[in-house]
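I have placed the structure first, in the form of structure tokens, so that the comments after it can refer back to it.
Read-outs throughout are calculated quantities, based only on the coordinates presented, and are distinct from any laboratory measurement. Because the structure is predicted, anything quoted here is derived from the model rather than measured. So basically every Cβ, Gly included, is an ideal-geometry build from the backbone, and we count neighbours across all protein chains shown.
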Amino acid sequence: MNCLAGIVPPGVTQQDAHTTFVINLRYAAQQLEAAGITLVIEAINTRDIPGFFLNTTEQAQSVIAEVGSDNVFVQYDIYHMQIMEGDLSPTIANNLPNIAHIQLADNPGRHEPGTGEINYDFLLPHIDELGYQGWIGCEYKPKAGTHQGCRG
């Protein structure tokens, strides 16, 4: 289950948002673990959603460490992390043990893979070579419509 951090409300400090997020994740992780459900958190770029609390892989990993639960992982959105961090291959490799779901979309425009700057012909085999066993999903806005986008 993806537990999004959300936008920090006006007047709320980053520290207060962080503390609240960690407390809420601890509670959610405990409840979800009892039900056999994995919890994932997703960093979102600040260009598309200004004010979103969780923005980088490093920040997500720090939150996960602070939550301290065995069933909290990263949902790694390639589109968002290309915008915020770039350097996708080593970032995925270095964080692979805590990635439970990868989302695909290209940049710019959040369109289907192969329509932008991200080299999916390299990146997807690289992820496979790393031994990734988690979920991979697509979250994009089809450039030429849904039917055409699925045909590739």
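Brief remarks follow.
- For ASP77, residues with placed amide H under 5 Å, excluding near neighbours: ALA43, GLN103
- Taking 0.36 nm per residue of separation and subtracting the current Cα-Cα distance, fully stretching the chain between LYS143 and VAL22 would add 39.9 nm.
- In order along segment 72-89, phi translates into HN-Hα couplings of 10, 9, 8, 9, 8, 8, 4, 4, 4, 6, 4, 5, 7, 10, x, 6, 4, 4 Hz, rounded to whole numbers, per the Karplus curve 6.51 cos²θ - 1.76 cosθ + 1.60 with θ = phi - 60° and x for Gly and Pro.
- Taking 0.36 nm per residue of separation and subtracting the Cα-Cα distance, full extension of the segment from VAL12 to GLU33 would add 4.6 nm.
- Helix content alone sets the calculated 222 nm mean residue ellipticity of the chain: runs of n ≥ 4 DSSP H residues at -39500 (n - 2.57) each, divided across all residues, give -12500 deg cm²/dmol.
- The modelled label-to-label distance between MET1 and ASP48, using points 7 Å beyond Cα along the C-beta direction, is 2.3 nm.
- Packing order of peptides 44-54, 136-146, highest average first: 44-54, 136-146 (average count of other Cβ atoms within 10 Å over each peptide's residues).
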